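Report on one structure; see the data block that follows.
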Amino acid sequence: MPAELSKPVASVSPWREAWRRFKRHRLAYWSLWLLGLMILAVIFGPMVYKVGINDVDLQARLASPSWKHPFGTDDLGRDILARVLYGGRISLAVGFAAMAMAIIVGVVIGAIAGMAKGWVDAALMWVTDLFLSLPQLPLLLLLIFLFREPLKQAFGLEAGIFILIVLVIGGFRWMPVARLVRAQFFSLREKEFVEAARALGASPARQVVRHILPNALGPVIVAATIDIAAAIIAESTLSFLGLGFPPDIPTWGRILYDSRDYMDLALHWAIFPGMAIFLTVLTINFIGDGLRDALDPRKVM
């Protein structure tokens, strides 16, 4: 036998193969880099660009972009670049925290419904369908109006509003994840490897943790990227409607809300936070497309 045929073939892990396939999706790959740079900018940018987010300079109010103020200033002379960098921390933190909540709740409910049969599955899906049928935006506004002050008094202004927005947005984003996980569990629990584990005496919890859930993570990861983008847009919408963070705590949506009356005088005030939202959501959607293709073995890349 030739020596090259006798060499053992190195096995490639499924995640390494998925990463190789993901890199072939050029839009997704470069979107991941761009999103990473944006995250680094909002984390470390305020440490480098040491301009206060609420420093008022009335002589420079509504100034156009310049070397002194790269993104210009608002109606009080506050530096927009400093506020966009600081607001990015909050907007991205809300997006990732709400995504984590939606994924955890959706995976738990979907896994229980997918493994159970009879009235448990029916009851959980009834609750899921009930939440899907609710008008989300009016309920978001109502819940924020009702619980804003109690949470502010309990946790402080910024932390209270952050917790409330994350709970409200995450509480209305878990339903598609639950239905997706349930469908995956219905398909996987009848596979041969799960039947073999069951025949060897594996408990239902072990079947879920070791065999079913790892094989259902692909669609869940793709759904997570969609939830991040949706949460950022939802937070921006609430802030734009004046029900998010107060004016002295800027987020991208809040900066857009404050600029609404000055579009004809200072268009830059709205352009830069709007572009931040646009680029973040666009890159996350491209990353989701790349993950969908990379984690689907039926697609040839």
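The values are calculated or read from the model by the stated rules, or taken from the named source; none is laboratory data. All values reported here derive from a predicted model rather than from experimental measurement. Every residue, glycine among them, receives a Cβ derived from its backbone with ideal geometry; neighbour counts consider all protein chains shown.
Okay, here's what the table says:
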| quantity | calculated |
| --- | --- |
| Complete set of residues in the stretch 153-178 that are of a type outside the set (V, I, T) and surrounded by fewer than 18 Cβ atoms within 10 Å (Cβ to Cβ) | Q153, A154, F155, G156, L157, E158, A159, L167, P176 |
| Yes/no for V181 being surrounded by 15 or more Cβ atoms within 10 Å (Cβ to Cβ), without any contact (Cβ under 8 Å) to a residue 60 or more places away in the chain and assigned to a helix (DSSP H, G or I) | no |
| Some residue of the stretch 15-28 being modelled with pLDDT of 85 or more and loosely packed, with under 11 Cβ neighbours inside 10 Å | yes |
| Scan of the stretch 46-75 for residues that are of a type in the set (G, A, S) and not in a loop (DSSP other than H, G, I, E, B), ordered by number | A60 |
| Total residues in the stretch 184-215, condition outside any helix (DSSP H, G or I), small (G, A, S) and surrounded by 15 or more Cβ atoms within 10 Å (Cβ to Cβ) | 1 |
| Of all residues making up the stretch 33-69, the number that are surrounded by 15 or more Cβ atoms within 10 Å (Cβ to Cβ) and within 30 Å of G288 (Cα to Cα) | 8 |
| Condition check for L132: farther than 17 Å from G242 by Cβ and either of a type in the set (K, R) or assigned to a helix (DSSP H, G or I) (or both) | yes |
| Any hit, the stretch 154-177, residues being touching a His at 6+ places or on another chain (Cβ under 8 Å) and not polar (S, T, N, Q) | no |
| Scan of the stretch 220-274 for residues that are within 29 Å of D289 (Cβ to Cβ) and among the hydroxyl-bearing types (S, T, Y), ordered by number | T225, S236, T237, S239, T251 |
